[in-house]
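Enquirer: Mind having a look at this structure? Questions to follow.
The values are calculated or read from the model by the stated rules, or taken from the named source; none is laboratory data. Since the model is a prediction, treat every value here as computed from it, not as a measurement. Reconstructed Cβ throughout: ideal geometry from the backbone, glycine too, with neighbour counts over all protein chains shown.
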Amino acid sequence: MTEIVRVPLREWTGSTLSADARDDALHALEAAKILFFPQLPYSVERIELLRANTLAAGSKNLSYDSATGRLRSAELAAPVREAVKSALERYCTSARSLVLGLFPRYAAGLIVGRTSFRPAEIAGRESSWRKDDTRLHVDSFPSTPVQGKRILRVFSNVNPEGEPRAWRSGEPFEDVAKKFVPDIPPLAHGVSLLLACLKITKQRRTAYDHYMLKLHDRMKSDAQYQSRVPASAFEFPAGTSWMVYTDQVSHAAMRGSCAFEQTFYIPVEAMESPESSPLRILERLTHARLAS
Ligand code: SIN
Ligand code: FE
């Protein structure tokens with residue numbers, strides 16, 4: 001069952017923690033625990049107005065690319081758009097300084113991914129099984145192959161009514177992999193090249209990406225697995241933040257609205273314990289190199 005480790009940080013810098021506390025946090029994170037920051041709120045002015053206006057435009061998730069300054073979702077009126085964009089840009093900067101302040105060793109290889117604002121209520125939301133995040137899963141993105149890199153995400157619950165964000169978490173990655181991997185056929189020859197040529201994927205889909213996508217899909221589509229696997233529930237109160245390797249920690253978001261999220265990609269080589277990564281675990285199980 002996933003452990004939650006409380007980190008008493010009050011600023012988005014990370015470097016204010018002692019070196020020992022930072023080491024402990026790194027060990028915990030790479031050992032597939034969730035780092036929970038109960039005293040680290042992300043403050044956004046007039047968040048209730050932003051939420052109401054973005055939802056009115058039909059947006060469930062607004063995603064922002066800090067590298068290009070592009071905000072996906074064309075439906076927003078100009079002032080709302082600018083306010084969301086600046087809140088997302090600031091969240092990206094804050095989350096980056098948190099991660100780099102806590103874990104300077106990640107600086108060399110860190111890639112900053114998408115930033116998102118998630119105004120919609122999760123509970124009762126209609127979606128296909130594949131997009132249904134109330135089912136336990138590990139993260140993997142069909143159009144963004146990571147080629148072995150880790151997916152690290154920082155979340156902040158900014159719900160203005162003080163509602164928590166409720167998650168569940170399932171079994172350790174190795175147990176998930178042992179259950180599903182034996183039945184996953186290997187990546188078919190030529191498929192990854194074809195996907196890249198057709199621009200369906202941004203980079204080449206490696207065997208690692210293939211296994212991770214299949215794990216995501218097989219976990220979510222297996223109703224029996226969902227109902228029987230041991231899981232723990234926890235709530236992140238409004239005004240708190242957390243950080244987790246979502247490619248490894250089996251998770252489901254059950255309830256809550258109004259959160260910010262930042263995605264980072266981290267090369268396995270930058271980790272303190274690369275052998276604990278999903279890449280190395282899958283390579284041990286399949287006796288193959290999966291990302292080269
Ligand atoms: C997810 O990554 O499955 C969703 C997490 C959330 O929005 O709280
Ligand atoms: Fe997820």
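Enquirer: From A166, A177, A196, A123, grab the single residue that is under 18 Å from A233 (Cα atoms), outside any strand (DSSP E or B) and of a type in the set (G, A, S).
Expert: A123
Enquirer: Next question, about the same structure. Filter the range 1-38 for residues that are free of Cβ contacts under 8 Å to residues at least 60 places away in the same chain and among the polar types (S, T, N, Q) and give the result.
Expert: S18
Enquirer: Which residues, taken from the range 41-62, are surrounded by fewer than 19 Cβ atoms within 10 Å (Cβ to Cβ) and modelled with pLDDT of 95 or more?
Expert: P41, S43
Enquirer: Give the residues of the range 223-253 that are charged (D, E, K, R) and either within 12 Å of ligand 1 (Cβ to nearest atom) or assigned to a strand (DSSP E or B) (or both), sorted by residue number.
Expert: Selection gives E235, D247.
Enquirer: Given the structure, is Y208 more than 14 Å from ligand 1 (Cβ to nearest atom), of a type in the set (F, W, Y) and touching a residue at least 40 places away in the same chain (Cβ under 8 Å)?
Expert: yes
Enquirer: Could you tell me which numbered condition P38 fails, if it satisfies all but one of (1) under 27 Å from S169 (Cα atoms); (2) at pLDDT 95 or above; (3) under 18 Å from the mean Cα position of the chain (by Cα)?
Expert: Of (1) under 27 Å from S169 (Cα atoms); (2) at pLDDT 95 or above; (3) under 18 Å from the mean Cα position of the chain (by Cα), only one is false for P38: (3).
Enquirer: Moving on. Just the residues that are of a type in the set (S, T, N, Q) and within 25 Å of E161 (Cβ to Cβ), please, taken from the range 87-134.
Expert: Those that are of a type in the set (S, T, N, Q) and within 25 Å of E161 (Cβ to Cβ): S94, T115, S116, S127, T134.
Enquirer: Sticking with this structure for a sec: Give me a count of the residues in the range 254-266 that are part of a loop (DSSP other than H, G, I, E, B) and within 9 Å of ligand 1 (Cβ to nearest atom).
Expert: Number of matching residues: 1.
Enquirer: Oh, and also: Write out, first by first residue and then by second, each pair whose Cβ atoms fall under 7 Å of each other, whose residues are 6+ apart or on separate chains, and whose first residue, in the range 55-74, is over 11 Å from C92 (Cβ atoms) and in contact (Cβ under 8 Å) with a residue 24 or more places away in the chain while the second is surrounded by 11 or more Cβ atoms within 10 Å (Cβ to Cβ) and acidic (D, E).
Expert: Cβ pairs passing all conditions: S59/E75.
Enquirer: If only one of V154, V112 is away from ligand 1 (no atom under 16 Å from the Cβ), assigned to a strand (DSSP E or B), closer than 30 Å to A196 by Cα and modelled with pLDDT of 95 or more, which one is it?
Expert: The match here is V112.
Enquirer: Here's another thing I want to ask about it. Take the conditions surrounded by 13 or more Cβ atoms within 10 Å (Cβ to Cβ), within 16 Å of ligand 2 (Cβ to nearest atom) and at pLDDT 95 or above and apply them to T246. Does it pass?
Expert: Criteria met by T246.
Enquirer: E161 - would you say it is more than 19 Å from the chain's Cα centre (by Cα), over 30 Å from L17 (Cβ atoms), in contact (Cβ under 8 Å) with a residue 40 or more places away in the chain and more than 14 Å from ligand 1 (Cβ to nearest atom)?
Expert: Yes; evaluated as a whole, the condition is true for this residue.
Enquirer: Sort out which residues of the range 159-179 are surrounded by 18 or more Cβ atoms within 10 Å (Cβ to Cβ) and in contact with a helix residue (DSSP H, G or I) (Cβ under 8 Å, 6 or more places away or on another chain), and write them in order of number.
Expert: G170, F173, V176, A177
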